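Only one structure is covered here, and it is reproduced in the block below.
The values are calculated or read from the model by the stated rules, or taken from the named source; none is laboratory data. What you see is a predicted model, and the numbers here were worked out from it, not measured in a lab. Note: ideal-geometry Cβ built from the backbone for every residue, glycine included; neighbour counts use all protein chains shown. Each accessible area value is taken on the protein alone, full model and side chains, heavy atoms only, with ligands, DNA and RNA left out. Shrake-Rupley method; radii C 1.70, N 1.55, O 1.52, S 1.80 Å.
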Amino acid sequence: MTSTSSTSTPTWEIFCLIVDNFGDIGVCWRLARDLAARTGAGVRLWVDDWAVLLRICPAAGGIDPVAGGVIAGVELRQWAEPFPAVEPAAVVIEAFACEIPETHLQAMARRQPAPVWINLEYLSAEDWVAGCHGMASPHPRLPLTKHFFFPGLGGGTGGLLREPGLLARRDAFLGDRRGRGEWLARRGVRLGTDETCVSLFAYEQPSLPALLQAWMQGPRRMHLFVPEGRVLADVARAFGRGGLGVGDAVRNGALELHVLPFTDQDGYDELLWACDLNFVRGEDSFVRAQWAGRPFAWHIYPQQDEAHFDKLEAFIARYTAGLPVPEKTALSAFWRAWNGRGDPAAAWPAFAAVLPALGRHAAEWSVSHAAQPDLATRLVEFCSHSRASAG
Ligand code: TRH
C-alpha cells in the first residue's frame, strides 16, 4: 500500500547507507516496518541506493524517491545530496555508523528537546557486546550525545529483530497442508518420502562444487533452492553449466536444483520455513534462519584479517552450548569449513548425520530466544529511558 510522503515530522528516523549486499537495507527496512507497526508512530527511512531498496521492497517502485512515499507505515526517502532541510525526528538512528549529513546534525542540535541519537551496530554474539551496549559518546562540537545500540544474544544487549507473531505465522505455514505443500508445488516440487529441501543464500563459495557432487551421488534425493545472487556461478559450475537463471530447474543424480527469483523479505521467510536445511549469510538472513527453527549453516560476511572468525566462533560457542559432543563437533566443523577453514564436502557426512538432532535444537533455540525481548522492544525502552533521564 503506497501513499505520498507524510508532511508531519515522524517520531523515528533511520539513516541507511548501503555499503555492500542487502544486509544494511535488510535490517533497516525490517526495523522500520517493525517500529511503525508496533508503535503506530511515524517512521522515516533514508536510503541512498534506491535500486537495492527495490530488490527487497518491490512496492517502492511506485514511489518518487525524492518526494518519498509511505509503505507499511514507513516513509521512504532517498538520501541524496544536497540533503533536504527537514525537521529531525524525536529518535534519529544511524545504521552501522553511517554519517548523518552535517546540516541535519545541526538541525538535531537546534531541536528541543534534542533527539535521542542511536548508532545501530552490527549483530555479534561476542562477550564484549554487553559491555559496550548503550555506551554514550558526546558530539565534539554540538550539544548531542550518540548512544551505541548493539544487537546481540542474551541480556545486556539490544537483542534480535523479531516482529510480533512471527513464530505463530511460521507454525501456521508449517501446520497448514496448503502452506509448505503449495509453496513447493508452485515451484514444481512434489516431495516424496525421505527427500530433503535445502535453501542456499551465500557469498562466492569455491568449494561448493565438491559438496554438490557429494549430494548428486548421495543416497537421498535433495532439492536445492537457490535465489539468484552471488553464489549462482559456483552452482552453475557444479552442474557443468555456463550459467543459470531464474526459473531454471536442473537435475543431476540425487540432486535437483531450482533457481528462484530474489523475493521480498516475507517471501524469503517462506523459503526458510519450507526447507529442512538453510544456508544463510551476513546478518538478517542469519537471524531469520534462527527464527525459522530449522538447522542452518552460516556464511559470515568476510572481514579483513579474518576478524570475522572471532564472531563466527562466538556464535558457534553459544549455539552449541549444551549440545552433545557429536552434534557440537559436526556443526562446528561444517560451519568452519563452509567459511573457508576446511573442506565442506569432507565435513558434510557427519553434519548430515546429526541434522535430525540439530532440527530439534533449532526449534528449541527459536522458542527460547523468542521468549526474550526483541530488538524493537529494547530500542523503544532504551529511547524512553534516555528521554526521561535527559528531561
Ligand atoms: O546481503 P548480506 O550479505 O548482508 C551483509 C550483512 O548484513 C553484513 O553484516 C554487512 O556487513 C554487509 O551486508 C554489508 O546478507 P543479509 O544480512 O542476510 O541480508 C540479506 C537480506 O536480503 C535479508 O534481509 C534477507 C533478504 N532477502 C530477501 O528479501 N529476498 C531474498 O530472496 C533473499 C535471498 C534475501
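What to note about this one:
- For GLY155, the conditions (1) more than 14 Å from ASP269 (Cα to Cα); (2) under 21 Å from the mean Cα position of the chain (by Cα); (3) modelled with pLDDT of 95 or more are fulfilled apart from (3).
- Restricting attention to segment 244-265, the residues that are within 11 Å of the ligand (Cβ to nearest atom) and buried (at least 16 other Cβ atoms within 10 Å of the Cβ) add up to 2.
- Sole residue being under 20 Å from the mean Cα position of the chain (by Cα) and assigned to a helix (DSSP H, G or I), chosen from LEU161, LEU167, LEU174: LEU167
- Those residues of segment 270-292 which are assigned to a loop (DSSP other than H, G, I, E, B) and open to solvent by 10 Å² or more (accessible area, probe 1.4 Å), in sequence order: ASP276, GLY282, GLU283
- Inter-residue pairs, beta-carbon under 6 Å, first surrounded by 19 or more Cβ atoms within 10 Å (Cβ to Cβ) and in segment 209-223, second acidic (Asp, Glu), 6+ apart: HIS223/GLU256
- Top-ranked residue of segment 112-129 - restricted to ones that are away from the ligand (no atom under 16 Å from the Cβ) and crowded, with 16+ Cβ neighbours inside 10 Å, ranked as farthest from the chain's Cα centre (by Cα): ALA114
- Considering segment 318-332, the residues that are of a type in the set (A, V, I, L, M, F, W, C) and not in a helix (DSSP H, G or I) include one that is most open to solvent (accessible area, probe 1.4 Å), namely ALA321.
- Just one residue in the set ALA346, ALA292, ALA297 is more than 20 Å from GLU126 (Cα to Cα), aliphatic (A, V, I, L, M), touching a strand residue (DSSP E or B) at 6+ places or on another chain (Cβ under 9 Å) and modelled with pLDDT of 95 or more; that residue is ALA292.
- Entry remark, segment 360-383: residues being touching a strand residue (DSSP E or B) at 6+ places or on another chain (Cβ under 9 Å) and not hydrophobic (A, V, I, L, M, F, W, C) number 1 in total.
- Enumeration of residues in segment 35-83 that are assigned to a helix (DSSP H, G or I), open to solvent by less than 30 Å² (accessible area, probe 1.4 Å) and either over 22 Å from PHE96 (Cβ atoms) or in contact with a Gly (Cβ under 7 Å, 6 or more places away or on another chain) (or both): ALA36, ILE56
- Within segment 26-61, the set of residues being over 15 Å from the mean Cα position of the chain (by Cα), aliphatic (A, V, I, L, M) and closer than 20 Å to GLU87 by Cα comprises LEU35, ALA36, ALA41, VAL43, LEU45, VAL47.
- Close Cβ contacts (under 6 Å, 6 or more residues apart or on different chains) running from residues in segment 262-284 that are over 13 Å from ARG180 (Cα atoms) to residues that are near the ligand (Cβ under 9 Å from one of its atoms) and among the charged types (D, E, K, R) comprise PHE262/ARG55; PHE262/GLU228.
- Any hit, segment 11-25, residues being surrounded by fewer than 16 Cβ atoms within 10 Å (Cβ to Cβ), within 19 Å of the chain's Cα centre (by Cα) and of a type in the set (A, V, I, L, M, F, W, C): yes
- Segment 297-317 - residue that is part of a loop (DSSP other than H, G, I, E, B) and surrounded by fewer than 17 Cβ atoms within 10 Å (Cβ to Cβ) and, of those, nearest to the ligand (Cβ to nearest atom): TYR301
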